[in-house]
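Down below is the structure, laid out as structure tokens.
Just so it is clear, none of the values below were taken in a lab; they were calculated from the coordinates. Because the structure is predicted, anything quoted here is derived from the model rather than measured. Every residue, glycine among them, receives a Cβ derived from its backbone with ideal geometry; neighbour counts consider all protein chains shown.
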Amino acid sequence: MAGGMTPAPQGNGTGYRAIVGPLLIPTWVMIGIFLVLPVLLMAVYSFLTKEFRGGVVWDFTLAAYDQFFLNRGLFGDEPPVIEWTYITIFWRSIWQAALATLICLIVGFPTAWFIATRPARTRAVWLFLVTVPYWVNLLIRTVSLKFLIRENGPLNESLMALGLITDPLPLVNTNLAVQLGLFYSYLPFMVLPVYAAVERYNFALSEAAADLYASRWVTLREIVLPVVKPGIIAGCILVFVPSLGAFLAPDLLGGAKTFMIGSLIDEQFRGSQGNWPFGAAAAMILMTLVLIVLTVYARAQTKGDAR
Amino acid sequence: MSTAIDIRSVVKRYGTATALHGVSLSIADNEFFTLLGPSGCGKTTLLRCIAGFEDVTEGEIRLFGQNIAGLDPNHRPVNTVFQQYALFPHMSVLENVAFGLKMKGVSLSDRTARAGRMLEMVHLSAFADRLPAQLSGGQQQRVALARALAPEPKVLLLDEPLSALDLKLRQAMRVELKTLQEQTGITFIFVTHDQEEALTMSDRIAVMSQGRVQQIGTARDIYEAPVNRFVADFIGETNLLEVTVDRIEGGIARVTLPGGHTITCPTAATTPGKHHISIRPERLSISAAGDLTATVERVVYLGTDLQLLARLTTGEEFHIRLQNSARAQVPAPGSTVALHLEEGAARLLAD
Ligand SMILES: Nc1ncnc2c1ncn2[C@@H]1O[C@H](COP(=O)(O)OP(=O)(O)O)[C@@H](O)[C@H]1O
Ligand SMILES: [Mg+2]
């Protein structure tokens, strides 16, 4: 991962630690309060019993996980078989998130490259433009997107006015709309880290490659991409992880067929219909999945670098 | 001997700024040719035009007779040792050196063997598996050299390759570079702003200033027979005096020095009138009756030499170098000395 590339500061033993130790206390407190505590809370809730009008009863049980993975029939008295409903939702979500990441990369890399190769003065303007949508709340942006692409919205109206289509395209409630929503929501998370990597890229390397008979395409593949890889990986993680847990875009732009993990979890904590332990369990499973992916990746990465 | 590179009236403009004003040079195959000049004179620009990273605005560059204007850098049989080395940071030393061969389609076993031999040549076999970041500056420099030499280019371009090294290493590398050039028989075009580097290694030198070639010649030509003030002043140390030329005949000028003495000396100027004369400070001796008279202001001890900072009776500043031998009669500051111009001390310049 990107962080793994920075060399550790060269401390000279105890003196260094004695100074840095106390300085790190605020960091540890922050991590404790905002990271460890909520996750622990979630973990505990996932093992509690559901209360009927939302909330929990403090009886420890594996019921939430049981419900997620196993199907014991309508009355819970049949022999357990694997419950595919939620696994399918997870699988579909991973797929959607991976596709969104790929699309963000395909669009984001050239964008980042374009910005990084502008003169220094205009780069700041371009970066600012990339972040402008972020001044508006995600919910409002997603609703606006829905408005734009609905059957009698501006997109369809203008396409019909131009005579390119005769009937409005049914975009809302499709996978395509969800992809569009995810892409629009998270593209800057790809552009910014890739930009940071490309901006640091030494273009003399490309000249050296061309000097040694590499074509442009080979230079991109053999030199540019490997060198800016940390930025690309950071961008992919920053897009993939929130896409996986996204619920606004799937809820507003997708339909029942595009139901994703984010929406599933979100639903469990809404109103009196919810099931807090089940939502917590689904969140824990999602987190475990993400951590496994990242760990496997980080392992592969350090092995590659240690060569 | 055939011509490796023929540069004909090359002009390079960046917008309104002109980096090269009609440069013409011819470099022979197998030659160690140096572009020497102060920073900003256009050396890198000229190299980049040869390598293909820049298009020339006017003029043409011929490589073994072929106009290379339309060729992209990856199609020119020319390799570059970059000033900051530009080694591929994610590849091992061996992979770096083998890269050009890989691009030329040489098989893995062949290119590994050849890259290995190149590393042997630059004494880095033990470092083949390291990443560039794990090498010292001098080692990185040698990797860059091996990488550029491995595909056996017809011409090797070197852009101030030694400038980032410390003095001892730089001196050792000068010898090594010269040896490599002789071993491989590849034409080297070497760029430097360091006149000592240029004088010690080159077969021929082109002295550049402000986008123009001032003079082309061997180290001896350029030092002994500079054509103008820029070259005389840039190469070594010299005294430039404005003089009146009485007569020029058969490459010899008759010149009246400040103070009234008349001498004859070789000349780059062809017409009489006001010109500058270059007088090398180490080719002067203190004698009873001389061509010039000066008052010594300071004596600087340089170890092998003594430098006298003096002023002529006519007011011009004047430097004199004396060998620091036991017999040297060192004039005291404030004393007045008569200076005798030895053979080859003076040369009349074109400007
Ligand atoms: N890309 C460029 N754009 C504008 N001017 C340039 C560019 N590259 C070089 N120059 C100008 O051309 C002149 C020669 O530069 P350069 O060839 O790098 O000199 P040197 O290598 O001798 O130090 C300088 O005045 C420099 O400012
Ligand atoms: Mg330069």
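Please work out which residue is surrounded by the fewest Cβ atoms within 10 Å (Cβ to Cβ), limiting yourself to segment B:257-295 and to residues that are outside any strand (DSSP E or B) and among the aliphatic types (A, V, I, L, M).
Among those residues, the one meeting the criterion is B:A288.
Would you confirm whether or not segment B:120-137 contains a residue that is under 27 Å from B:G52 (Cα atoms) and at the interface with chain A (Cβ under 10 Å from one of its Cβ atoms)?
no
Sort through B:R321, B:R298 and tell me the only one that's crowded, with 18+ Cβ neighbours inside 10 Å and under 32 Å from the mean Cα position of the chain (by Cα).
B:R321
Right, B:E31: closer than 15 Å to B:R212 by Cα and away from ligand 2 (no atom under 16 Å from the Cβ) or not?
no
Out of the strands (runs of 3 or more DSSP E) lying entirely within segment B:1-115, which hold 3 or more residues that are surrounded by fewer than 19 Cβ atoms within 10 Å (Cβ to Cβ)?
Result: B:3-14, B:17-28, B:58-63.
Looking at segment A:60-97 only, could you name the residues that are under 15 Å from A:G279 (Cα atoms) and of a type in the set (S, T, Y)?
A:T61, A:Y65, A:T85, A:Y86
Just the residues that are farther than 19 Å from A:S185 by Cα and surrounded by 11 or more Cβ atoms within 10 Å (Cβ to Cβ), please, taken from segment A:110-124.
Within segment A:110-124, A:W113, A:F114, A:I115, A:A116, A:T117, A:R118, A:R123, A:A124 meet the criteria.
Take B:N74 and decide whether it is polar (S, T, N, Q), touching a Phe, Trp or Tyr at 6+ places or on another chain (Cβ under 6 Å), within 14 Å of another protein chain (Cβ to nearest Cβ) and under 24 Å from B:A164 (Cβ atoms).
Answer is no for this residue.
If you take the residues of segment B:151-200 that are away from ligand 1 (no atom under 16 Å from the Cβ) and either in a strand (DSSP E or B) or within 14 Å of chain A (Cβ to nearest Cβ) (or both), which of them is farthest from B:L36 (Cα to Cα)?
Going through the qualifying residues, I end up with B:P151.
Would you kindly identify the helices (runs of 4 or more DSSP H) lying entirely within segment A:195-307 that contain at least 2 residues that are free of Cβ contacts under 8 Å to residues at least 12 places away in the same chain and within 23 Å of the chain's Cα centre (by Cα)?
A:225-245, A:276-306
Taking A:I149, is it β-branched (V, I, T), within 14 Å of another protein chain (Cβ to nearest Cβ) and buried (at least 20 other Cβ atoms within 10 Å of the Cβ)?
So A:I149 fails the test.
Consider segment B:15-65. How many of its residues are within 14 Å of chain A (Cβ to nearest Cβ) and over 17 Å from B:V78 (Cα atoms)?
Of the residues in that region, 1 qualify.
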